[in-house]
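The values are calculated or read from the model by the stated rules, or taken from the named source; none is laboratory data. None of these values were measured; they are calculated from a predicted model. FYI the Cβ positions are ideal-geometry reconstructions off the backbone, even for glycines, and counts take in every protein chain you see. These area figures cover heavy atoms from the full protein model, side chains too; ligands, DNA and RNA do not enter into them. Shrake-Rupley method; radii C 1.70, N 1.55, O 1.52, S 1.80 Å.
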Amino acid sequence: MKEEVTMNKLGTMKINHLMLSMRIPMILSMMLQAVYNIVDSAFVSNIPVNGEMALNALTLAFPVQMLMVAIGIGTGVGTNALLSKSIGQGDLKKAKKVAGNSIFLAIVIFMVFLLFGLFGVDLYASTQTSNPEIKDMVITYLKICCTASAGIVFFTIFEKLLQATGNSLYSTIAQIAGAIINIILDPILIYGWFGIPALGVAGAAYATVLGQITSAVLGIVFHLKKNKDIKNKPGNLKPDLQIIQSIYAIGLPAILAQALMSVMTYGMNLILGNISESAVTAYGLYYKIQQFILFAAFGLRDAITPIVSFNHGMRSKRRVKEGIKYGISYTIAIMVVGLLMIEIFAVPFSALFGLSGETQKLCISAMRIISISFLFAGINIAYQGIFQALDAGLESLILSVLRQFLFVLPVAWAFSRLACKFPDKTWLVWITFIIAEVLSCFIATLFMKKINHKIISNLED
């Protein structure tokens, strides 16, 4: 029998106010996730000797970091939506099992990346570069990040547990604390301040994982103190196949969406590597700057998902429609601001990372061309959160495959063939992303019409 549950603000507060109250903590949380990579890159690129090579190494290591985040966030997204829906339906018993199984899954994910850190990074680095110095830096950085990945994995789970219950402010506090630790430790460990040996790339990795561990510890503490309706009994950690399947029925598209970003970046590194090392470095740096904007949109997407999912559970057509309307509108607004920022500050951004010559020129052109795709990317990201909340995981998955794989790598490869013959035509590769987002947006709109007819129209007014 379902337990009585106090009416959650997800089902009572005005949608516009609710979106505003939830979006700021979640946007800050996701943007701070991007800070880790941007801060590491900024300090590493200014290492006196081989700074640009070190930046290139971080670019090549980046796909693995993205994969860690992808699996953690995707599992968290599934947990978030399922937990919100269970609470909205008044089923607290199921909510407790969902929370417990998500923690069990975090343990499994950490063990997988621990093993990869111990045995897989050498092979991975060999596929990305033949430069022995860059390869050694990639291996050093990834071994530390993977073997100490407990921080990032556990934080992504507890962050989503807090967000699902409307306590997103506390997950943001935990995220901010970790980012501050990372920023403080980066120059100390990289350059060797206060009598500490200069660790270079290894110092950047240690600063990152220590910041992530700080966030994870605070996330666990806040969960235990604030999520009172979810009893944290050891028995809830026992794997429940049905619960795990339900988590990944929702979360797998999110995992694949984020993982496809990793695959796309890996593939782009290989494609651009055929043009020049400068092209790889320029794209890698642009991608990290871009993530600061995209992660803001992801944060809003993560606010849309529990709001729409909860009211879907309550079968409220009006509130579901309002969640979709405000979610898309706010996401577009974020991306317009991001587009203007990158267009205006492209040159200062490239100078901040110590770029010069051909690398700086390529990075500036990437920023000014690819950022045009933001206008359509925002709509696509919002649709992915909406699809996940309405149990339309397949549509979300297809959209991810289109905009981050099928419409990107083959087109980029074709343009790169021309750029190899005419290096001044490298800018053609950047157009790939505009093409991909426009085509994906058209298809996503068709999916939304189908979902509106099949699911939303059958809800109650």
For a quick protection proxy, order the peptides 375-384, 272-281 by their average other-Cβ count within 10 Å, most packed first. 375-384, 272-281
Could you order 312, 223 so the one with the most accessible surface comes first? Probe is 1.4 Å. 312, 223
Correct choice for Kirkwood radius over Cα pairs in Å that was computed from the model, options (1) 27.5; (2) 22.9; (3) 22.3: (3)
Using θ = phi - 60° and the Karplus form 6.51 cos²θ - 1.76 cosθ + 1.60, what ³J(HN,Hα) does each residue of segment 338-349 get, whole Hz, x for Gly and Pro? x, 4, 5, 4, 5, 4, 6, 9, 4, 5, x, 4
Hey, what did the chain get for relative contact order, percent, Cα under 8 Å, at least 6 apart? 23
Diffusion constant of segment 314-372 at 37 °C, which comes from Stokes-Einstein with the Kirkwood Cα-pair radius and 0.692 mPa s, µm²/s: 239
Roughly speaking, to the nearest percent, how much of the chain's 1.4 Å accessible area is carbon and sulfur? 69
Helix 374-389 sits at what angle to the longest principal axis of the chain, using alpha carbons and giving 0 to 90 degrees rounded to 10? 40
Between residue 225 and residue 49, the FRET efficiency computed from the C-beta separation at R0 = 45 Å comes out, to the nearest 0.05, as 0.45
Helix-only estimate, please: 222 nm mean residue ellipticity of the chain, summing -39500 (n - 2.57) across DSSP H runs of length 4 or more and dividing by its residues, to the nearest 500. -28500 deg cm²/dmol
For the chain, whose charge dipole is built from +1 on Lys and Arg Cβ atoms and -1 on Asp and Glu Cβ atoms, the candidate among 221, 99, 428 with its Cα farthest towards the positive end is 99
If you add up the charges near residue 173, with Lys and Arg at +1 and Asp and Glu at -1, over every other residue whose beta carbon is less than 13 angstrom from its beta carbon, what do you get? +1
Report the local net charge at residue 388: Lys and Arg +1, Asp and Glu -1, summed over other residues whose C-beta lies under 14 Å from its C-beta. 0
Report the accessible area of residue 214, computed with a 1.4 Å probe over the heavy atoms of all protein chains in place, in Å² rounded to the nearest 10. 40
With every protein chain in place, what's the accessible area of residue 111 (1.4 Å probe, Å², nearest 10)? 90
At 1.4 Å probe size, with no ligands or nucleic acids counted, give the accessible surface of residue 136 in Å², nearest ten. 90
Relative contact order computed over segment 80-184 (Cα-Cα under 8 Å; 6+ residues apart), in percent: 32
Cα-based shape type of segment 171-266, given that a ≥ b ≥ c are square roots of the gyration tensor eigenvalues and the cut on a/c is 1.5: oblate
Using +1 on the beta carbon of Lys and Arg, -1 on that of Asp and Glu, and nothing else charged, what's the dipole of segment 127-276 about the Cα centre, debye to 20? 580
Accessible surface, the chain, averaged per residue in Å² (probe 1.4 Å): 38
Figure the gain on full extension for residue 317 and residue 356 (residue separation times 0.36 nm, minus the Cα-Cα span) and round it to one decimal in nm. 8.6 nm
Where Lys and Arg each count +1 and Asp and Glu each count -1, what net charge lies around residue 104 among other residues with Cβ under 14 Å from its Cβ? +3
Overall form of segment 301-421 per C-alpha gyration tensor (a/c, 1.5; a/b vs b/c): oblate
Going residue by residue through segment 95-109, the Karplus relation 6.51 cos²θ - 1.76 cosθ + 1.60 with θ = phi - 60° gives ³J(HN,Hα) values, rounded to whole Hz and with x marking Gly or Pro, of 4, 5, 5, 4, 4, x, 5, 5, 5, 4, 5, 4, 4, 5, 4
Would you kindly state how much longer the chain becomes between residue 133 and residue 245 on full extension, computed as 0.36 nm times their sequence separation minus their alpha carbon distance, in nm to one decimal? 36.0 nm
Could you tell me the calculated FRET efficiency between residue 435 and residue 196, based on Cβ-Cβ distance and R0 = 51 angstrom, to the nearest 0.05? 0.60
For segment 373-455, rounded, prolate or oblate, judged on the Cα gyration tensor with a ≥ b ≥ c (square roots of eigenvalues), a/c < 1.5 rounded, else prolate if a/b > b/c? prolate
